[in-house]
């Protein structure tokens, strides 16, 4: 059963790392890039990137949550409560991230996708992007700490 716990924790960590890396790129690279270009360019690039992101990123996102929940449950079932607590804490962080993404980021993504596909700049484009940017550091932090939680789970499972 310890092997199963390890496989689940590694799966959760790797899937979380995909989202963490993407959000970190957004915070460190894309935010200042978007600020340096005109509204039409920003809209086109943001809209296209979110179109691809919204289509491709749910897989690692769902996998991280499902594997995280399975990791926590398995840890408790095999008598590794500290590992279960670490995985459970990481799962809670992923769920907080999901709420923030769905309430703030996703609606903005949809506006930019529609605008990019229509070849127009949405009203208040800069304000929308600033709103999206306002939580990207928090999103990256939540994912990073969740990733650390899954790594801690592996260490505690081995102890």
For this session: Output the number of the condition that residue 142 fails; it satisfies all remaining conditions of (1) free of Cβ contacts under 8 Å to residues at least 24 places away in the same chain; (2) surrounded by 19 or more Cβ atoms within 10 Å (Cβ to Cβ); (3) closer than 30 Å to residue 8 by Cα.
Result: (1)
For this session: Kindly establish whether residue 4 is in contact (Cβ under 8 Å) with a residue 12 or more places away in the chain and in a helix (DSSP H, G or I).
Result: yes
Exercise. Hey, residue 2 hits all of (1) modelled with pLDDT of 95 or more; (2) over 18 Å from residue 144 (Cα atoms) but one; which does it fall short on?
Worked result: (1)
Seminar exercise, completed: All-but-one check, residue 44 against (1) loosely packed, with under 15 Cβ neighbours inside 10 Å; (2) touching a helix residue (DSSP H, G or I) at 6+ places or on another chain (Cβ under 8 Å); (3) over 24 Å from residue 99 (Cα atoms), failing number (1)
Exercise. Of all residues in region 12-39, which are closer than 30 Å to residue 84 by Cβ and without any contact (Cβ under 8 Å) to a residue 60 or more places away in the chain?
Worked result: 14, 15, 18, 21, 22
For this session: Could you tell me which residue of region 108-119 is nearest to residue 70 (Cα to Cα), considering only residues that are out of contact with any helix residue (DSSP H, G or I) (no Cβ under 7 Å at 6 or more places or on another chain) and surrounded by 13 or more Cβ atoms within 10 Å (Cβ to Cβ)?
Result: 110
Exercise. Does residue 10 qualify as being closer than 30 Å to residue 156 by Cβ and crowded, with 21+ Cβ neighbours inside 10 Å?
Worked result: no
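A quick yes/no check of all residues on (1) surrounded by 13 or more Cβ atoms within 10 Å (Cβ to Cβ); (2) closer than 30 Å to residue 156 by Cα; (3) modelled with pLDDT under 95:
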| position | (1), (2), (3) |
| --- | --- |
| 32 | no, no, no |
| 50 | yes, no, no |
| 81 | no, yes, no |
| 85 | yes, yes, no |
| 92 | yes, yes, no |
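The values are calculated or read from the model by the stated rules, or taken from the named source; none is laboratory data. Note that the structure is predicted; figures quoted are calculated from it, not measured. All Cβ positions, glycine included, derive from the backbone under ideal geometry; neighbour counts span all protein chains shown.
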